[in-house]
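Quick notes on the structure that follows.
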Amino acid sequence: MGAGPASIGLIVGAFSLIAVFLSIPFGGLVDRFGIKRPLLLGVICNIANAVILLHANTVSKLIVAQFTAGIAFLPHVVASQAFVSRLPDASRREKGFGWLSFGAAVGLSAGPILGGILVDRFDYQVAFWVVLVLSSGGLILLGLKNTRDTGPTKSSYSPLQDARQVGAMAMEPKVMMILFFTFAILFAASLRSSFLPLLLRAEGLSEFSVGLLISVFAIMATFIRLVFGRLLDIFGRRKILAYSMLAIIMAVGLIPAMTSVAGFTILISI
């Protein structure tokens, strides 16, 4: 569509921007109404996002689609995590969060590959039709039993009270340090994920190859979960953190100078 880097950054950032304003209210709504309704809201917004994408012929429509996708993603994350956290058995909770991570990792791995294949062999419209079909599959939630009784819920909801509690937590020095560090890591990661596909396309790679390389990242992010506990026992938290930061700086810093597919694969894997 001829969008410049600033417009592309706005399109990509619009997905997460909505979470800045709605994360806390969505958490309160899950407490108030249970799990099923927020999940259905996410499904409906996912379907709306797919419909907008099918008619997106301008940058502004893509931004609207991203906002809608962000709204869809937020209640899914909050409600599904709340559901698992309310399981009474500690071992079931751990397995539940493991399955959530596994499901997300499978989607992050398979999605770019499928998208690359569809765009490479057909076009973007076909890919967006598949998005619509997959999003509509979420309507199976209508047949599920209402999950409001899966844990304690509030009889009323006060966004002001929740905001005060969150504000008090954020002022604690340790929490503030964690928030700042998390911000820095995600800021760097979003820069990479936003513009890496553009760089790869500029190097002459096909949509399929780009999708495959993005999936390599998700696959390696899944694999490291399997050995992370062992690495933590060997090195400890401080060394793991230092080695991770060094790896990120090295890999991301070298990506712009790389020209071969093999080189991109190694750096993206790191």
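The values are calculated or read from the model by the stated rules, or taken from the named source; none is laboratory data. Predicted, not measured: the structure shown is a model, and the values here were computed from it. Heads up, the Cβs are rebuilt from the backbone with ideal geometry, glycines too, and the neighbour counts pull from every protein chain shown. The protein model used for the area step is the full one, side chains on, heavy atoms only, and it has no ligands, DNA or RNA in it. Shrake-Rupley method; radii C 1.70, N 1.55, O 1.52, S 1.80 Å.
Here is how the numbers come out for the structure above:
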{"quantity": "S85-S269 FRET efficiency (beta carbon distance; Förster radius 41 Å; 0.05 resolution)", "calculated": "0.80"}
{"quantity": "Residue of G27, G115, G107 that the Gaussian network model of the chain assigns the largest fluctuation, springs spanning Cα pairs under 10 Å", "calculated": "G107"}
{"quantity": "1.4 Å probe accessible area per residue over the chain, in Å²", "calculated": "63"}
{"quantity": "Whole-number percent relative contact order across the chain, with pairs defined as alpha carbons under 8 Å at least 6 apart", "calculated": "24"}
{"quantity": "Highest-MSF residue in the chain out of T68, T222, T58 [GNM, Cα springs under 10 Å]", "calculated": "T58"}
{"quantity": "Share of carbon and sulfur in the accessible heavy-atom surface of the chain [1.4 Å probe, %]", "calculated": "72"}
{"quantity": "Computed E for M177/F228 - FRET, C-beta separation, R0 22 angstrom, nearest 0.05", "calculated": "0.55"}
{"quantity": "Ellipticity estimate at 222 nm from DSSP helix runs (n ≥ 4, -39,500 (n - 2.57)) divided over the chain, nearest 500", "calculated": "-28000 deg cm²/dmol"}
{"quantity": "Residues of the range 219-261 with amide N under 20 Å of the 7 Å Cα→Cβ point at L191", "calculated": "242-259"}
{"quantity": "Most mobile of L205, L246, L114 in a GNM of the chain (Cα contacts under 10 Å)", "calculated": "L246"}
{"quantity": "Dipole of the chain [Lys/Arg +1, Asp/Glu -1 at C-beta], most positive-end residue of M169, S190, V59", "calculated": "M169"}
{"quantity": "HN-Hα J in Hz across the range 62-70 - Karplus 6.51, -1.76, 1.60, θ = phi - 60°, x for Gly and Pro", "calculated": "5, 5, 4, 4, 5, 4, 5, 5, x"}
{"quantity": "Full-extension gain in nm, F235 to V133, via 0.36 nm per residue minus C-alpha separation", "calculated": "32.2 nm"}
{"quantity": "Separation of the M250 and A170 label points, Cα + 7 Å toward Cβ, nm", "calculated": "3.6"}
{"quantity": "Positive-pole candidate from F180, L108, V126, dipole of the chain, charges at beta carbon", "calculated": "F180"}
{"quantity": "Cα-centred dipole magnitude for the chain, charges only on beta-carbon of K, R (+1) and D, E (-1), debye, nearest 20", "calculated": "720"}
{"quantity": "Theoretical gain in end-to-end length, D123 to V261 [0.36 nm per residue, Cα-Cα removed]", "calculated": "47.4 nm"}
